[in-house]
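Notes to accompany the following structure.
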Amino acid sequence: MKAAALLVAAGSGERLGAGRPKAFVVLAGRPMLDWSLDALAAAGITDVVIAVPDGHEVAGHVCVPGGATRSASVRAALAAAPAEAQAVLVHDAARPLVAPDLFRRTAQALEHADAAVAAARMTDTVKEAGPDHVVQCTLDRSRLWAIQTPQAFRRATLQAALDVEPDLLARATDDAWLVERAGGRVVVVEAPAQNFKVTTPDDLRVAELLLGSSPAHL
Ligand code: CTP
Ligand code: MG
């Protein structure tokens, strides 16, 4: 299946608080989104659409204005993906340590699924607690996965999943949830620990250390 990548980079980066959109914050000497663009190129994925904030077009790439929510940005990017792409790989520019192999493995997993999502096994024990902080139960960690990107979809599946009411779209923190609710088969693809999302200034420091000290991480 021919695959295109949708790189979502239109968030404002409020929690990072760097004074500019997160994907454009300099990380180990380059705008954060460049690391993901390199990994995509190394994975052989040449069709890339980037959802960007106003005034942040990236030279040499197809860019579209992002939406008010992450899913709206995905939808805008999907609309600009080349018609011949039957599979799409959605990736957060906020995960700059993504390895090319993870793009390949999520795309391959689509063979037997409607969506395939990068995910990390939970290492902490997870408990459910009420608003009063009283623990209700402890979940079975062996079955729990923390969901990341890349997320691979059959194009028609993603198109249909995103074609929902705006409030539902706004509630979707990951696009695969929209596929699940529609009864689709979603599989997890185990990701390496380094594929974390840069959310806070501490995360940025860790990413800086990993990328700065190991330029050969790819
Ligand atoms: N994103 C996007 N459009 C939006 C919101 C988010 O393209 N309207 C992208 C971000 O650029 C990021 C990814 O979705 O690559 C994951 O979102 P998140 O980590 O929440 O980034 P921000 O929304 O930028 O950060 P914050 O929530 O702290 O403002
Ligand atoms: Mg956000």
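The values are calculated or read from the model by the stated rules, or taken from the named source; none is laboratory data. The shown structure was predicted, so the numbers you read here are calculated from the model rather than taken from an experiment. Reconstructed Cβ throughout: ideal geometry from the backbone, glycine too, with neighbour counts over all protein chains shown. Areas reflect the complete protein model, heavy atoms only, side chains present, ligands, DNA and RNA absent. Shrake-Rupley method; radii C 1.70, N 1.55, O 1.52, S 1.80 Å.
Residue-by-condition table, conditions (1) within 12 Å of the chain's Cα centre (by Cα); (2) among the small types (Gly, Ala, Ser); (3) over 29 Å from Val206 (Cβ atoms):
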| residue | (1), (2), (3) |
| --- | --- |
| Met122 | no, no, no |
| Leu144 | no, no, no |
| Ala160 | no, yes, yes |
| Ala172 | no, yes, no |
| Asp175 | yes, no, no |
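Filtered by the rule that a residue be surrounded by fewer than 22 Cβ atoms within 10 Å (Cβ to Cβ) and within 16 Å of ligand 2 (Cβ to nearest atom), the stretch 33-55 gives a lone residue, Pro53. Selection of the stretch 116-141 for residues being open to solvent by 60 Å² or more (accessible area, probe 1.4 Å), farther than 28 Å from Ala191 by Cβ and of a type outside the set (A, V, I, L, M) yields Pro131, Asp132, His133, Gln136.
Scan the stretch 142-163 for residues that are within 22 Å of Glu190 (Cα to Cα) and open to solvent by 70 Å² or more (accessible area, probe 1.4 Å) and the total you get is 5.
Residues of the stretch 164-196 that are modelled with pLDDT of 95 or more and open to solvent by 60 Å² or more (accessible area, probe 1.4 Å): Arg185, Val188, Glu190.
Pairs are defined by a Cβ separation below 6 Å, a sequence spacing of at least 6 or placement on different chains, a first member in the stretch 9-27 that is near ligand 1 (Cβ under 6 Å from one of its atoms), and a second member that is among the polar types (S, T, N, Q) and modelled with pLDDT of 95 or more; the pairs so defined are Ala10/Ser73; Arg15/Thr199; Arg15/Thr200. Hey, can you tell me all the residues within the stretch 89-129 that are outside any strand (DSSP E or B), under 18 Å from Ser71 (Cα atoms) and among the aliphatic types (A, V, I, L, M)? Selection gives Ala93, Ala94. The condition (being under 17 Å from Ala76 (Cα atoms) and surrounded by fewer than 21 Cβ atoms within 10 Å (Cβ to Cβ)) is satisfied by just one residue among Gly19, Gly11: Gly11.
Given the criteria within 14 Å of the chain's Cα centre (by Cα), among the β-branched types (Val, Ile, Thr) and outside any helix (DSSP H, G or I), does Thr199 qualify?
When the stated conditions are applied, Thr199 passes them.
Does any residue of the stretch 198-213 turn out to be farther than 23 Å from Gly13 by Cβ and open to solvent by less than 70 Å² (accessible area, probe 1.4 Å)? Scanning the stretch 198-213 turns up no residue that is farther than 23 Å from Gly13 by Cβ and open to solvent by less than 70 Å² (accessible area, probe 1.4 Å).
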